[in-house]
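Notes for the one structure printed next.
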Amino acid sequence: MTATITITLDEAYNLAEKTFIKLGLSQEHAQANARLLQSCQRDECDSHGLYRVLSCAQTIKTGAVVLDAEPVVEDRAGGIVAVDAKGGYSLLALEKGLPMLVEKTRKLGIAAMAINHCVHFSALWPEVEMLAEHGLVSLTMVPSHSWVAPAGGKTGVFGTNPIAFGWPRAGKYPFVFDFATSAAARGEIELHRRAGKPIPLGWAVDKDGEPTTDAETALQGAMLTFGGYKGSALSAMVELLAGPLIGDMLSLESQEWDNGRGATPKHGEIVIALNPESFLGAAMAEHMGRAEKMFSAITDQGARLPSQRRYEARERSLANGTVTIPQKLYDDIRAL
């Protein structure tokens, strides 16, 4: 049985922030990253929680991220916000650009934000939750490194290429989904490797293109898309929208940029926001209510909405004021 340690939510944040500062990140970057990791750990998203401190440490060690980058926000066009992350982590760039994106979306009904030249390691659901708090519908996506083979192939072309969507709900947590277009997040395979556990068939192939359940072998081979050709097509869409469309790198190019260093991917991110009030006007309450009818039709038969497990974990963590992580992870972070 894996030994664990329980720490307070404040301790989780402080552990991440102090470690990031010790590693050389500016205070603004350390705080933005720590807020995100605390949120993920609070929601029991272990693969994107405090575990990510270790991958950030590896990336910083390689020199692949600008530690004190100051993002530059540009009003690019009527409905376009562009944020140059200047080679720094994406989260501070997101926070800097978000106010202008919200303002444009409220004014125009729809707007988009391109974050360029960023190093990205995080979950995407916090982005769409932030926008849902402003009453906005949103969609965001990013490429990564070319770890994932296309359907019918055996070598990596795509990243894990996650897509996140958020829909605000009055008086309730928003409807949110955030999933990789790969069969599993790469962090999940890394967690299986650390725990010495096999991965399910269908997650990856070895370097010869043969199916594998060994996590270490999978990390040396290629991951697979979910849903075969359907997941593969969606992954290609993410590459195009969050790559060439915004003038940033494909996953293949991010992998080339990495040049074997083992750093976190560097690429762009696209965030698209829509204002329901602009679309619906006086009929907004009626039609948002129709959405609630659909949600009820799902939950009334015992089915689960996306993020429900995460929201339940959030309630537990907030009620207890604590999170529980593996003792080894805690020790590894403290060792930094």
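The values are calculated or read from the model by the stated rules, or taken from the named source; none is laboratory data. A quick note: this is a predicted structure, and the numbers were derived from the prediction, not measured. Backbone-built Cβ (ideal geometry, glycine too); neighbour counts: all protein chains shown. Note: accessible area is taken over every heavy atom of the protein model, side chains too, but ligands, DNA and RNA are not part of it. Shrake-Rupley method; radii C 1.70, N 1.55, O 1.52, S 1.80 Å.
Find the residue count for the stretch 67-100, including only residues that are assigned to a loop (DSSP other than H, G, I, E, B) and open to solvent by less than 60 Å² (accessible area, probe 1.4 Å). Write out each step before concluding.
The initial filter retains those residues of the stretch 67-100 that are assigned to a loop (DSSP other than H, G, I, E, B), namely 67-71, 78-79, 85-88.
Add one more test, that the residue is open to solvent by less than 60 Å² (accessible area, probe 1.4 Å), and what stays is 67, 69, 71, 78-79, 85, 87-88.
The total comes to 8.
Inspect all residues belonging to the stretch 172-192 and state whether any of them is among the β-branched types (Val, Ile, Thr), farther than 20 Å from Gly262 by Cα and not in a helix (DSSP H, G or I).
yes
Scanning for something at positive phi and in contact (Cβ under 8 Å) with a residue 40 or more places away in the chain, does the stretch 86-100 turn up at least one residue? Give the derivation first.
Our first condition is that a residue be at positive phi; within the stretch 86-100, this holds for 86-87.
Still in the running and in contact (Cβ under 8 Å) with a residue 40 or more places away in the chain: 87.
Taking every residue of the stretch 86-100 in turn, at least one turns out to be at positive phi and in contact (Cβ under 8 Å) with a residue 40 or more places away in the chain.
Out of everything in the stretch 215-233 that is touching a helix residue (DSSP H, G or I) at 6+ places or on another chain (Cβ under 9 Å) and not aliphatic (A, V, I, L, M), what residue ends up being nearest to Lys197 (Cα to Cα)?
The qualifying residue nearest to Lys197 (Cα to Cα) is Glu216.
Can you pull out the residues in the stretch 101-111 that are under 17 Å from Met141 (Cα atoms) and open to solvent by 20 Å² or more (accessible area, probe 1.4 Å)?
The first filter runs over the stretch 101-111 and keeps only residues under 17 Å from Met141 (Cα atoms), leaving 101, 110-111.
Residue satisfying the conditions is Ile110 alone.
With the checklist (1) crowded, with 22+ Cβ neighbours inside 10 Å; (2) under 14 Å from Gly156 (Cα atoms) in hand, flag the one item Lys207 doesn't pass.
Single failed check for Lys207: (1).
Taking the stretch 289-308 as the search range and keeping residues that are open to solvent by less than 90 Å² (accessible area, probe 1.4 Å) and without any contact (Cβ under 8 Å) to a residue 12 or more places away in the chain, which one is nearest to Glu129 (Cα to Cα)? Can you show your working first?
The initial filter retains those residues of the stretch 289-308 that are open to solvent by less than 90 Å² (accessible area, probe 1.4 Å), namely 289, 291-292, 295-299, 302-303, 305-308.
Now restrict to residues that are without any contact (Cβ under 8 Å) to a residue 12 or more places away in the chain: 289, 296-299, 302-303, 308.
Working: Gly289: 19, Ser296: 20, Ala297: 23, Ile298: 21, Thr299: 21, Gly302: 24, Ala303: 22, Gln308: 14 Å.
Ranking the candidates gives Gln308 first.
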